[in-house]
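**Q** Below is one structure. I have some questions about it.
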Amino acid sequence: MEWTLPLQPQEIDRLVRWRRHLHAEPELSLAEFDTQAYLRQELTQLGIAATAVAGTGLMAVLGPATATKVLLLRADMDALPIQEQTDVPFASRRPGCMHACGHDTHMAVLLAVAARLKAAEADLPLRVVLCLQPGEENGRGAPKMIAEGALDGRWCGDSALQVQAALGLHIWSPLPTGVVSACAGPVMASVDDFRTVVKGRGGHGALPHQAVDAVVAACGVVQALQTLASRRIDPLDPVVVTVGSIHGGTTYNVIAEEVELHGTVRSFSTDLADRLPTWLPEVAQQAAAAYGATAETQYQRYTIALHNDAAMAALVGAVAEQTPGVAGVDRQLRMMAGEDFAYFAAQVPSCFFFVGCGGPDAAPHHSPRFRVDEAALPVAAAVMLRSVLAWAEQKGG
Ligand SMILES: [Zn+2]
Ligand SMILES: [Zn+2]
């Protein structure tokens, strides 16, 4: 199929131009107004009519209305509250805001893919739903898009547009440029947030027997929470408990009445994800009680774990093996970071794959020095395009 041939130099130039524009004008989660306007303008120039969904999101559909197969391609749109510290000429023009996760590249790759699909639209063997999703970093965008009908055509009033499968990608700086990873099963973790308030009884720093020291009790709670991961849960079932912040007390000679802990919990299995919201507050409460203090916990989930469908992951892996420019194929990469594409993957068979962009000056995602080896972008577009065709051509599907 001509539309799956490697990107031509002028297409790569345009892809990089899109990415650099988006990089220079980042916006925070669910406030992607200028990003939405820019994407809509570029899609319009490609002849693609886009519809606003979930506030700052956009959707469009390509392919013959008679085609019965429907695949969704998703890219996320938001940036992070980080002051960019790179010296690239297209660095963020917006103080305190930076595309430090690479979502700028995801949007640009989706535009390049859309351009190809549009050019071949009449011959496409399927319908492709383009989903530009806001608010990934706070886990709110994907549920909003789905609630507004991203998977069932309600976004455009076409009930025939029932999405049967979905693809998404993340460029990934820890992987060498051009290496593609498509792992079956759980690939990214659920993201939970907890706040525990440990309450004691304040008093004089020299008279501990007349008080209940919330600082000492909070230390006990922090230690006890670590035993959730090390003693309570099967070591083969990954879990992370991190207390990221601890605040309490006012001065050196006063026993603190109250300490607040703020942390995150990550897990892969749905079984664990169901239990942790009860277990963690129980452990905190019981640990605090050992010191005569109390602990009350507010626990909320931002994102469920992302599970790749085995057949979809195998399809993308096999495609990557055959795609020119791919520097290697990995099928193992999984991590305890979160990704709200998980909500699409929970509804339809999906693959979320990684494309290495770790050039010589690679820095971690979410770092103010994060940068992308742009040579990864045409590779990402090629794997996406070929995966679309491979999915459309597979039997039954
Ligand atoms: Zn991120
Ligand atoms: Zn990201």
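The values are calculated or read from the model by the stated rules, or taken from the named source; none is laboratory data. Owing to the predicted nature of the structure, the values given are computational and were not obtained by experimental measurement. So basically every Cβ, Gly included, is an ideal-geometry build from the backbone, and we count neighbours across all protein chains shown.
**Q** Got a sec? Which strands (runs of 3 or more DSSP E) wholly within the stretch 125-198 have at least 3 residues that are crowded, with 21+ Cβ neighbours inside 10 Å and touching a Ser or Thr at 6+ places or on another chain (Cβ under 7 Å)?
**A** 165-176
**Q** Which one of the conditions (1) assigned to a helix (DSSP H, G or I); (2) at positive phi does Gly47 fail to meet, given that it meets all the rest?
**A** (1)
**Q** Consider Trp172 carefully, then state whether it is at pLDDT 95 or above and within 16 Å of ligand 1 (Cβ to nearest atom).
**A** Details: at pLDDT 95 or above: yes; within 16 Å of ligand 1 (Cβ to nearest atom): yes.
In short, yes.
**Q** Please enumerate the residues belonging to the stretch 349-380 that are more than 17 Å from Leu175 (Cα to Cα) and either crowded, with 23+ Cβ neighbours inside 10 Å or more than 16 Å from ligand 1 (Cβ to nearest atom) (or both).
**A** Once the filter is applied, which keeps residues that are more than 17 Å from Leu175 (Cα to Cα) and either crowded, with 23+ Cβ neighbours inside 10 Å or more than 16 Å from ligand 1 (Cβ to nearest atom) (or both), the stretch 349-380 yields Pro349, Ser350, Cys351.
**Q** Same structure again: Here is a list: Gly139, Gly135. Which entry is modelled with pLDDT under 95 and within 15 Å of ligand 1 (Cβ to nearest atom)? Give the steps one after another, and end with the answer.
**A** Values: Gly135 fails: modelled with pLDDT under 95.
Testing whether each residue is modelled with pLDDT under 95 and within 15 Å of ligand 1 (Cβ to nearest atom) leaves just Gly139.
**Q** If you don't mind, there's one more thing I want to ask. If you take the residues in the stretch 78-102 that are without any contact (Cβ under 8 Å) to a residue 60 or more places away in the chain and either within 16 Å of ligand 2 (Cβ to nearest atom) or not in a loop (DSSP other than H, G, I, E, B) (or both), which one is nearest to Leu385 (Cα to Cα)?
**A** Step by step, filter the stretch 78-102, then rank; the result is Ala79.
**Q** Shifting gears a bit: Which of the residues belonging to the stretch 59-112 are in contact with a Lys or Arg (Cβ under 6 Å, 6 or more places away or on another chain) and within 16 Å of ligand 1 (Cβ to nearest atom)?
**A** Listed by number, the residues that qualify are Asp104, Thr105.
**Q** Taking into account only those residues within the stretch 103-116 that are within 17 Å of Arg40 (Cβ to Cβ) and away from ligand 2 (no atom under 16 Å from the Cβ), which is surrounded by the fewest Cβ atoms within 10 Å (Cβ to Cβ)?
**A** Across the stretch 103-116, the extreme among qualifying residues is Ala115.
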